[in-house]
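Before any comments, here is the structure.
The values are calculated or read from the model by the stated rules, or taken from the named source; none is laboratory data. Treat the numbers as computed from the prediction; the structure is a model and nothing was measured. Neighbour counts run over all protein chains shown; Cβ positions are idealised from the backbone, glycine included. Quick note on the areas: whole protein, heavy atoms, side chains included, nothing else; ligands and nucleic acids left out. Shrake-Rupley method; radii C 1.70, N 1.55, O 1.52, S 1.80 Å.
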Amino acid sequence: MTLLILILVNWVLPRLLNPNNYKAKLAAMVEEKTGRFAKFDGDIALSVFPGLSLSAKNMTISNKPGPHQPPFMTVYKMVVELRLLPLLKDELAIDAIALDGLVLNLAKDKQGVNNWDDLFATDNTVERSRVANAKQDLKWCVGEIAIQNARVNWHDQQTGTQFAFKELSFNADKFAFDERSKVRLAMAISGDFTKLPRFVTWATAVQIDHKLERILFSESHIEVMASEKPSIQQPLATVMTFPDAEINLARQSFQLSGLQVQNGEIKINADITGE
């Protein structure tokens, strides 16, 4: 009987609450929060069994106003899966977030202003405090994050430099503040600064504190592979490992300990700090 009720709810509820009827409200909410226009050209689907799931296709968020500006972001498909019971305890538990076909167009104009600067508060301390308080009011975590077939384009109009991160994939086993998450990133890099495309893989563990002030990396392994091979028919590979690294947004500083770099017979060991 319980199974029958769940099946009926899964069939009836999405028809009573058709999320496509709220596209205009969703777009208005995005514009209110970001100042950017949003479009949902594809269908938005809702499912409640075995968990609450929301999927959407062909989403677009506009860029800053300007001549011949491409969209700031487009996504071919997004799926978000939620768990229902934690919502009753004021907890947001996301089983999974999946993005397919994400494209980000990042740019710096001739005055040196990035096209994402307006999305963040000018007073970073105030903004981080506001976000941190919100996170304390509503506990939340993400079970899994998967991004595939993504691309990030960069154009510096001051220097004319352009490059792209292509064939980008990103996987994280979970995400929650103050907890370690295992992350794997892979992508191809091409552009004005390199004659040969580079293929990069990065496996690491990441921890972000709830105040959004410190980002910790541990057990990092980065491999950079050139697309062409030398005469010995072996790939041109550079391998970097480091046990610990920290980015401190409050102090605008970073620290990297135990860096080891190897390229063929060349080996480098270093500790790096900077602001």
Report the label-to-label distance for R83 and N58 in nanometres (one decimal), using points 7 Å from each Cα along the Cα→Cβ vector. 3.5 nm
Taking the Cβ of T241 as the centre, find all other residues whose Cβ is under 12 Å away and add up their charges (Lys, Arg: +1; Asp, Glu: -1). -2
Given R₀ = 41 Å, what would the calculated FRET efficiency be for R214 paired with Q157, taking r from the Cβ atoms and rounding to 0.05? 0.80
Theoretical FRET efficiency, 1/(1+(r/R0)^6), r = Cβ-Cβ of A237 and A146, R0 30 Å, to 0.05: 0.70
Quickly work out the L119-to-E167 label distance, labels modelled 7 Å from Cα along the C-beta direction, and quote it in nm with one decimal. 2.6 nm
For D43, residues with placed amide H under 5 Å, excluding near neighbours: K57
So what does E144 come to for accessible area, using a 1.4 Å probe and Å² rounded to 10? 90 Å²
